[in-house]
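Notes to accompany the following structure.
Since every read-out is calculated from the coordinates, none of them should be taken as a lab result. Here the structure is a predicted model, which is why all the values come from computation and not from measurement. Virtual Cβ from ideal backbone geometry, glycine too; neighbours counted across all protein chains shown.
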Amino acid sequence: MCTFTPQKLLFYMKRLLYLWVVLFFSLPSWAQRKVLTEDPQTIVVKDFVYQKPVKKDRYKIAVLTPMFLDSIELEKNLAHIPKFMMPGIDFYQGVRIASDTLKKMGHKFDLFIYDSKSYYLDVKNLIASDKLDSMDLIIGNASVSDLKLLADFAKKKQINFVSAVSPADAGQTLNPFFTILQPRLTSHIEMMHRHLNRKYSEDNVVYINRSSQSEKNGLSYFKNDMLSSLPGRFKEIELKGDEINMNEVIKKLDTTYNTTIVLGILDPLITYKNLKILAPYAKRFNLKVYCMPTTEAVKSLSKADEFPDMTVYYTTSYIIDKITPASQYISREYKSHMGTAPSDVVYKGFESLYFFANLLKKYGVPFNSKLSDNSYTFITPYKIMPVKENASLMYYENKFLYLLKYQDGIMIYE
């Protein structure tokens, strides 16, 4: 939670409230955009035909993020920004820093910021208002319900929409104008599966999950992975409650082999409890444990004596190395406005605008045939690829992931 003087906070919040109805960080705001190149030809990307890209002298970009500005009274003498508002405001701050940076680099674009939780102009009303119809790009930090509205709109209007924070596909099919920047659970499990097969294919491999649909889905992704076969000594256990029964696990093992557990539990607190149950058996069975991406919330992995002799893996799409010039630049700019260190969502806001604004400038609208060009990544080396089903393009997804390995509190990644 960030702390300001009441006067400074009031000014800051009023400024944010104003952003969703006016243009931000542009030169002549309503200048007519001149088309530099125009050609009626089309470009084929696999099974979808895009119009040939058109370059413009300036572009219109909309950014949506949940700031909840209508939920507070700005007239009151506030001392803090409420905690529930910070993720949305932090995303905006990342976008603002990227906008400043791009402007200094000579980019020309009109940037529109919308509070997706506005009482009067929420996502549904925003779409109905036609304010998004003229955009060249829409970037969203949005909930699943809002993602569906925006992705459906993008498909209908053939405007690229980028989901910058949520890994949900929002039920989209055959939508060539929808890009997910945070890899879906299936992508995490596929990477984990490849690594496991490469390193521990001879092990007993036991997949453990609970009965929730999301965790059953994880098991299904693992078993039906088209690119990686099931290990020869594969077993599965569905827990009746939240905790592993080690007697049940041991019955599944051929003790002449080492053991790898795939802990398909999505709740990080339950993951932690089960890692503690597994830890006393680590040396006996030479245990390795692959966990779900939500395990990043288990901070005690970095403690040397928390899970002795047990190797724990999980995947993540984000690693912010605080000593690199790129991350230090964003941290410095954020701190100058907010007085504290940035959260991860600040970086996500920055990178989403920085990457896609550069694609706009270089390739024009639409830029989809060049989504694989990651030369403009700032920190995260995006690997944006088409997701296909029955040979049809569903949407695009960033598939880049790190695999983190913790052993006696020491973390390395690959």
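Things to note:
- Spin-label model distance (nm) - Asp70 vs Lys52, 7 Å beyond Cα toward Cβ: 4.5
- Computed from the C-beta positions of Asp344 and Ile250, the FRET efficiency with R₀ = 41 Å rounds to 0.60.
- Å³ per residue enclosed by the Cα convex hull of the range 185-316: 95
- Segment Lys322-Ser212, length gained on full extension (0.36 nm per residue, minus Cα span): 36.0 nm
- FRET efficiency for Ile412 and Met105, using Cβ-Cβ distance with R0 set to 60 Å, rounded to 0.05: 0.95
- Matching label, volume of the Cα convex hull per residue in Å³ computed from the structure shown, candidates (i) 154; (ii) 168; (iii) 211: (i)
- Working note: 222 nm ellipticity from helices only, DSSP H runs with n ≥ 4, each -39,500 (n - 2.57), summed and divided by the residues of the chain, gives -10000 deg cm²/dmol to the nearest 500.
- Gain on full stretching of the segment that runs from Tyr402 to Asp130 - 0.36 nm per residue minus C-alpha separation: 94.0 nm
- Sequence-distant contacts, meaning Cα pairs under 8 Å at least 6 residues apart, place the relative contact order of the range 185-316 at 27 percent.
- The stretch between Lys276 and Lys388, if pulled fully straight at 0.36 nm per residue, gains 36.4 nm over its current Cα-Cα span.
- A DSSP coil position with no more than 13 other Cβ atoms inside 10 Å describes none of the GluC sites (Glu not before Pro) in the range 276-383.
- The trypsin sites (Lys or Arg not before Pro) of the range 261-353 that DSSP puts in a loop, and whose beta carbon has at most 14 other beta carbons within 10 Å, are Lys303, Lys322.
- Which listed pairs, of Lys60/Lys104; Lys288/Lys388; Lys251/Lys276, have C-alpha distances above 22 Å, in listed order: Lys288/Lys388
- Seen against the Cα atoms of the chain and their longest principal axis, helix 185-200 is set at about 40 degrees.
- Here the chain carries DSSP beta bridges of which approximately 40% are antiparallel, counting only pairs with both residues inside.
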